[in-house]
Amino acid sequence: MGDAVLSDTLDVPAPPARLLADWQRDISLRLALEPGDVEALPLARARMRWPGYRECVQAVSDWLRTLGLNDLPASSEVALMACRGARYHHDGAQYGGAAFCNLFMSEDRGLDLCFAATGHRIPLVRGTVVVFDTGQVHGVVERGSKVFKAANFPAGRACTQMFLTWELPIENAQVARLLGVDFDIDPAAALLLDEEQVWLNGARADVCLESGRWRVAGFEGLQIATGN
C-alpha cells in the first residue's frame, strides 16, 4: 500500500447555480444522504449543464503532468460523487487495482479530508485535488476533529461535498512510483485469496468508522496499533 498522499488546490470555476440546485434536489429526493454516506450522482446529465466541466478536467490533467503522469484522467473511469461527511473507510476491497484522484467542487464547509494512518489532513475547498492509494483509510470530518461523529452533520447544516473522482491504474509505473507502492511483497499469502483484501500484521483488517484505526476483521473491539 502506498503511503504518499498528493494534494493541491487548483483554480477551477464554480459549478453554475442551476447545476448546484439540480445536485441538491438529487441529494435530498433520490440519495437521501445520511451523515457519513458517500453516493454517486448522475455525471452524464451534469455534464450537459456544466460548461466548466472540460476546464476542470483539463486543470486536473495539467496538474498530474507536473507530477509526471500523462493524460490519465482522460483514459480512466470518472464518476461524480456526493458525501455528507464520510465515515472512515478504505476502498481497497473494491478498487484494489486503482488509486483515486479526487477533485472537490464545493465551497469551504469547514471540513477536512483526513488519512488516519498517515496523518495527512487536507482542508476541503473548491479546487482541492488529491491522489491516494485506495487502500489508505480516509474520512471527511469536521475541521479540528480527528474523529467522525454523525452529530456534527445535522440536517440543517450545509455540509455536503460534491467531487469528481478518477480511477488511476495502480499498476501504472508512474502511479506506483509516486505513491510508493510495492508489489508482490507476500505472494504466498496472496495466492490463498480469491478477492481483494487489506491485511495488516498477518490478519485481514477493517476500519473503525469513527477513529479510522485498523482492526481485525470481525472483531470490532480489537484495534490494531499502527503508531499513528
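The values are calculated or read from the model by the stated rules, or taken from the named source; none is laboratory data. Note that this is a predicted model, so its numbers are computed, not measured. Here Cβ is always computed from backbone atoms with ideal geometry, including for glycine, and neighbour counts include all displayed protein chains.
Figure legend. Inter-residue proximity from segment 152-180: first residues under 16 Å from residue 38 (Cβ atoms), second residues of a type in the set (Asp, Glu) and exposed (fewer than 15 other Cβ atoms within 10 Å of the Cβ), beta-carbon distance below 8 Å, spacing 6+ or different chains. Indicated pairs: 166/77; 167/77.
For segment 142-169, how many residues are part of a loop (DSSP other than H, G, I, E, B) and at pLDDT 90 or above?
Qualifying residue count for the region: 11.
In this entry, residue 126 is excluded by the filter for residues that are farther than 15 Å from residue 100 by Cα, at pLDDT 95 or above, surrounded by fewer than 18 Cβ atoms within 10 Å (Cβ to Cβ) and under 17 Å from the mean Cα position of the chain (by Cα). So, of the residues in segment 95-123 that are hydroxyl-bearing (Ser, Thr, Tyr) and in a loop (DSSP other than H, G, I, E, B), which turns out to be surrounded by the fewest Cβ atoms within 10 Å (Cβ to Cβ)? Filtering first and then ranking leaves 118. Applying the criterion of at least 1 residues that are touching a helix residue (DSSP H, G or I) at 6+ places or on another chain (Cβ under 7 Å) and under 19 Å from residue 124 (Cβ atoms) to the strands (runs of 3 or more DSSP E) found wholly in segment 1-94 leaves 5-9, 38-41, 78-84.
Cβ separations smaller than 8 Å between residues 6+ apart or across chains give the following pairs from segment 17-39 residues that are farther than 19 Å from residue 153 by Cβ to residues that are assigned to a helix (DSSP H, G or I): 19/46; 22/45; 22/46. Would you point out which residue out of 26, 37, 108, 3 is more than 22 Å from residue 148 (Cα to Cα) and either under 15 Å from the mean Cα position of the chain (by Cα) or not polar (S, T, N, Q) (or both)? When all the criteria are applied, what remains is 26. Being surrounded by fewer than 18 Cβ atoms within 10 Å (Cβ to Cβ) and among the acidic types (Asp, Glu) is the filter here; which residues of segment 1-25 pass it? If the condition is that a residue be surrounded by fewer than 18 Cβ atoms within 10 Å (Cβ to Cβ) and among the acidic types (Asp, Glu), then 3, 8, 11 are the ones that fit.
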